[in-house]
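Okay, structure first, notes after.
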Amino acid sequence: MDALVGDGDIGIGASRAYKMVLANIDKLDFQNNLAQSVVKISDLWSDGFGGSSGSLWNSFLTSASTMLKASLAENTAENWASA
């Protein structure tokens, strides 16, 4: 689909983004700082993906993080659904 409406590089961008997140995942504190960890993932994903897709992913994930509580244990199914 990206080849028809875009420049055909979505797989390349997703691969770069995945590698950036994977290289940094152990540095994040999901248990005690979940929302901020999602923001960090969003930034990493956006930087790795690049282009307009990276910016869209960043907006989507950062917005989702605002619905999450800092502590993983405090989040309910409703928080996750809202995110």
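Worth a mention:
- Selection of segment 23-59 for residues being among the polar types (S, T, N, Q) and under 13 Å from the mean Cα position of the chain (by Cα) yields Asn24, Gln36, Ser37, Ser42, Ser46, Ser53, Ser55, Asn58, Ser59.
- Checking each residue in segment 24-75 for being of a type in the set (Gly, Ala, Ser) and outside any helix (DSSP H, G or I) picks out Gly50, Ala70, Ser71.
- Asn58 being crowded, with 16+ Cβ neighbours inside 10 Å, at pLDDT below 95 and either in contact with a His (Cβ under 6 Å, 6 or more places away or on another chain) or not small (Gly, Ala, Ser) (or both): yes
- Odd one out for Ser37 among (1) exposed (fewer than 13 other Cβ atoms within 10 Å of the Cβ); (2) at pLDDT 95 or above: (1)
- Per the conditions (1) within 8 Å of the chain's Cα centre (by Cα); (2) over 16 Å from Val21 (Cβ atoms), the sole criterion not satisfied by Thr62 is (2).
- Counting the residues of segment 1-34 that are more than 24 Å from Asn79 (Cα to Cα) and either surrounded by 15 or more Cβ atoms within 10 Å (Cβ to Cβ) or at pLDDT 85 or above (or both) gives 14.
- Residue list for segment 64-81, filter: without any contact (Cβ under 8 Å) to a residue 40 or more places away in the chain and surrounded by 12 or more Cβ atoms within 10 Å (Cβ to Cβ): Ala64, Ser65, Met67, Leu68, Lys69, Ala70, Asn79
The values are calculated or read from the model by the stated rules, or taken from the named source; none is laboratory data. Fair warning: this is a prediction, and the values are worked out from it, not measured in the lab. Counting neighbours? That spans all protein chains shown, and the Cβs are built from the backbone with ideal geometry, glycine included.
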